[in-house]
Amino acid sequence: MKKANFLALLAVAALLPLGGCGDNTSTPKSNAPTSGQVAGTQIVLTASKAEAYVGETVTITSSVTDVTYDDVDASIAIFDKAAGTLRGIAPGKVTVKAKKAGCKAGTVEVTFVAEPVVTPDATIEWEDAEHESANGWSNGSETFASPVLEEENSNARGGKYVGCLAQGNKETLTFTADKDATMDIGMIMAATQLNMSDWSISDVTLSEAISLTLNGTAIDLTGAVLPGNKEFNFYGWKEVKFKGLSIKKGENKIVLTVLGSQGPNLDGVNFYGKGVTIQVVKGAEPVAPTISEIGTYTYYVDGYEWGPGVKEVVIDLGAEVAASDLANDLFSVKALGAQGGARTVSDVYLANDDGSRSSAAKGNKIAIEMTLDVTYTSWGSFGWNSYNGCDPFSYNQQTGRNTWAQDYGFEVALVSGKSLKVGSKTYGGTDLFKVVTPSANPKVVRAVKDWGEAKTYTLGERTIGYKAYEPAALKSDTGRNPLIIWLHGQGEGGTDPDIALLGNDVTNLGENQIQSYFKVQDGIQGAYVLAPQAPTMWMDVGNDTNNGGEAKSIFTAALKGLIDKYIADNNDIDANRIYIGGCSNGGYMTMNMVTEYPSFFAAAYPICEAYKDSFLTNEEVNSLVNLPMWFVAAADDTTVDPTQFSIPTFQRIKNAGNANAHFSFFEHVYGEDTGKQVQYMGHYSWVYAFRDEVKLDQADVNNIAAPSTAAVQINGKNVGLWDWLAAQHK
């Protein structure tokens, strides 16, 4: 078996002796030109091919060094002048021209054609291959459990092709030859690596994407490139030719294995060799599996730093399954709807009725845990492709508010090639199942289990909804407990308080990490937390739109009325320890409330607050001199610019004489709930508050800088936001 020579060069012009035009070594006559001016010396250009097909690379060489090339027609070919290579991108003829002082210019022409220069003697289609699926099948954006073997396409040979291949998949093309022979073999493939920056298809270095063998011997892929295109076209097939491959009489096998995350589209294989008869040996036609719909599913919503997330789905198959038969690679999971996407399974086990892990040997319910693959987009925000099926919220661009995505759901399927006994029936092979039917209550919001029932408060025309963290342990301890008030951002308005709790990971306020700061030796077991919800947004001035932080809220009196009533209805609350804070729109409302009722609250903690400093009067600043305050923001917040909001406001309050005002300023916002570091947009500075990482203050009030570096101390001990807050009393 010969090792292939990829695109061997074919000289089409005779080479003259190399050398510069002034390198004539003979003794010049007295009237001869000086060195470098030898008359009649012409640059000779040579192309490795005079005619090539689109996608091929042609090498240009010159008889003279250090020449200058003119540009070629960029619509037909890309010319790398430094390397002297010309790659065809469209049919047509280009002229390469070289110049040098003292020399006559040299030219050479190269014609690119759409079809291979040589007509193949035989062609086999890739769909005649045997398909071995290791990791499902991909269409370029999602992976399927069942093979996608062929798709109709008018650009393909015969109108059919094998679609994008997932990593680990193999294509085995079996054919016979009537004699031993040496042949050139051309693989017709299309690049499928999408470049998100400009929505083009990138070139693919074949040695990184696939391996190829002929009869068990590797085909040399050195230098082989599958050219992409700028037209977002996955069907731009090109032929990559391998020369001098040895085939044998009788049966031969070409095996293509996908090494990269995604392989090429496959169209056909051309054989070049006169007098050799090539015939395909068709593999067994794949049998389409029968997929039964059984069981129901329930998914569980928890709170995370970006908002709500679904990490677990439980399927009830309606018949017993053995725990010993379960494995992490049994199922594929896909979140459905506009918020959907393929999910990665991390654990599979029998589940109890509440979704927790069961220790039983058999059971009807199977819990499937999934990784949280949240990504930060290149343009600095979170959009349709950021949550990858993890987030059940849908953001309404018109209202500026989140809602539960009505089309969100799940499809759980038994993976092709796997088997599972359900009751008395064993599924597997061509008899598979999937679960697509939601249970009677398919959404369980596990994150709010300690937050009581949703209630409303009405004052005049304004109705505010709310939920509160008020477990029995607080009511039964030996003293009065403080009250923490949290005010949500713009996206969390509406009439479902769960959205206000989940939009910013507010449920962390009820977790021990933060509650522990409010547990003291006299028996106090933590703090109550009140989470009101505006029906529109806190910055509403009566027209359901954002006032830009330059007007008072229409909900001011109603919110104060709700707080008063909640305290009156819970005589266990310490009225001298009422703390108010919130983020963004809620940070605005925090400033709105403390300027309206400056002596009511024991402390405030506005985060990325949106109360414009230019709207804050000097009288209001002076009214806040005795109110403990802790501001939080990030320098790269492009939603609420700190230089127009929190920074000048903090400076004015501090310089007015407030000795207990602090400002934690971060450079960027990073999170880690996914198990790896994720950078969020700068507006998400509440992430640090709920992770209990707000610890440092500004060293110089007149020179605000990120990151903050100064410690905040109480009685000589360094404190962070929450233990500082717990220490504040009226």
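Out of the residues in segment 554-586 that are within 22 Å of Val632 (Cα to Cα) and small (Gly, Ala, Ser), which is most open to solvent (accessible area, probe 1.4 Å)?
Ser584
Is it the case that segment 200-218 has a residue that's open to solvent by 70 Å² or more (accessible area, probe 1.4 Å), over 17 Å from Thr257 (Cα atoms), at pLDDT below 90 and not β-branched (Val, Ile, Thr)?
Checked segment 200-218: at least one residue is open to solvent by 70 Å² or more (accessible area, probe 1.4 Å), over 17 Å from Thr257 (Cα atoms), at pLDDT below 90 and not β-branched (Val, Ile, Thr).
Residue by residue, here is whether (1) more than 20 Å from Pro606 (Cα to Cα); (2) small (Gly, Ala, Ser); (3) under 40 Å from the mean Cα position of the chain (by Cα) holds:
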residue: Glu461; (1), (2), (3): yes, no, no
residue: Gly465; (1), (2), (3): yes, yes, yes
residue: Gly479; (1), (2), (3): yes, yes, no
residue: Gln490; (1), (2), (3): no, no, yes
residue: Gly493; (1), (2), (3): no, yes, yes
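Considering only segment 545-584, state which residues are farther than 28 Å from Ala727 by Cβ and either in contact with a Gly (Cβ under 9 Å, 6 or more places away or on another chain) or in contact (Cβ under 8 Å) with a residue 60 or more places away in the chain (or both).
Selection gives Thr545, Asn546, Gly548, Gly549, Glu550, Ala551, Ile554, Phe555, Ala557, Ala558, Gly561.
Pull out all pairs, ordered by first then second residue, where Cβ-Cβ is under 8 Å, the residues are six or more apart or on different chains, the first lies in segment 598-615 and is of a type in the set (Val, Ile, Thr), and the second is outside any strand (DSSP E or B).
Every condition considered, the pairs that remain are Ile607/Ser584; Ile607/Gly586; Ile607/Gly587; Ile607/Ser685; Ile607/Trp686; Ile607/Ala689.
Would you say Gly223 is open to solvent by 50 Å² or more (accessible area, probe 1.4 Å), on the phi > 0 side of the Ramachandran plot and either part of a loop (DSSP other than H, G, I, E, B) or touching a residue at least 40 places away in the same chain (Cβ under 8 Å) (or both)?
yes
Which pairs do you get when a residue that is under 15 Å from Leu317 (Cα atoms) and assigned to a strand (DSSP E or B), found in segment 345-364, comes within reach of a residue that is open to solvent by 30 Å² or more (accessible area, probe 1.4 Å) and basic (Lys, Arg), reach meaning Cβ atoms under 9 angstrom, with the pair 6+ apart or on two chains?
Tyr349/Arg357; Leu350/Arg357; Leu350/Lys362; Leu350/Lys365; Ala351/Arg357; Ala351/Lys365
Could you list, in sequence order, all residues of segment 352-374 that are touching a Gly at 6+ places or on another chain (Cβ under 7 Å) and modelled with pLDDT of 95 or more?
Listed by number, the residues that qualify are Asn364, Ala367.
Could you list all residues from segment 89-128 that are in a loop (DSSP other than H, G, I, E, B), within 30 Å of Val255 (Cβ to Cβ) and open to solvent by less than 60 Å² (accessible area, probe 1.4 Å)?
Listed by number, the residues that qualify are Pro116, Pro120.
Just for strands (runs of 3 or more DSSP E) wholly inside segment 628-718: which have at least 1 residues that are surrounded by 13 or more Cβ atoms within 10 Å (Cβ to Cβ) and of a type in the set (Gly, Ala, Ser)?
Output list reads 629-634, 661-666, 669-671, 710-714.
For Asn592, are the conditions met, namely being in a helix (DSSP H, G or I), closer than 23 Å to His729 by Cα and either more than 39 Å from the chain's Cα centre (by Cα) or not hydrophobic (A, V, I, L, M, F, W, C) (or both)?
In short, yes.
Please determine, by comparing only the residues of segment 508-542 that are surrounded by fewer than 18 Cβ atoms within 10 Å (Cβ to Cβ) and polar (S, T, N, Q), which one is nearest to Tyr579 (Cα to Cα).
Step by step, filter segment 508-542, then rank; the result is Ser516.
Keeping to segment 234-270, report how many residues are over 33 Å from the mean Cα position of the chain (by Cα) and surrounded by fewer than 17 Cβ atoms within 10 Å (Cβ to Cβ).
Result for segment 234-270: 8.
Quick check: is even one residue across segment 460-473 open to solvent by 10 Å² or more (accessible area, probe 1.4 Å), farther than 20 Å from Val541 by Cβ and either touching a Cys at 6+ places or on another chain (Cβ under 9 Å) or part of a helix (DSSP H, G or I) (or both)?
The answer is yes; a qualifying residue exists.
Working carefully through the options Gly542, Gly548, find the one that is modelled with pLDDT under 95, small (Gly, Ala, Ser) and closer than 22 Å to Ala633 by Cα.
Of the residues listed, the single one that is modelled with pLDDT under 95, small (Gly, Ala, Ser) and closer than 22 Å to Ala633 by Cα is Gly548.
Taking segment 480-507 as the search range and keeping residues that are over 21 Å from Asp692 (Cα atoms), in contact (Cβ under 8 Å) with a residue 60 or more places away in the chain and assigned to a loop (DSSP other than H, G, I, E, B), which one is most open to solvent (accessible area, probe 1.4 Å)?
Arg480
The values are calculated or read from the model by the stated rules, or taken from the named source; none is laboratory data. Just so it is clear, the structure is predicted and the values come from calculations on it, not from any experiment. Note: ideal-geometry Cβ built from the backbone for every residue, glycine included; neighbour counts use all protein chains shown. These accessible areas exclude ligands, DNA and RNA; they are computed on the full protein's heavy atoms, side chains included. Shrake-Rupley method; radii C 1.70, N 1.55, O 1.52, S 1.80 Å.
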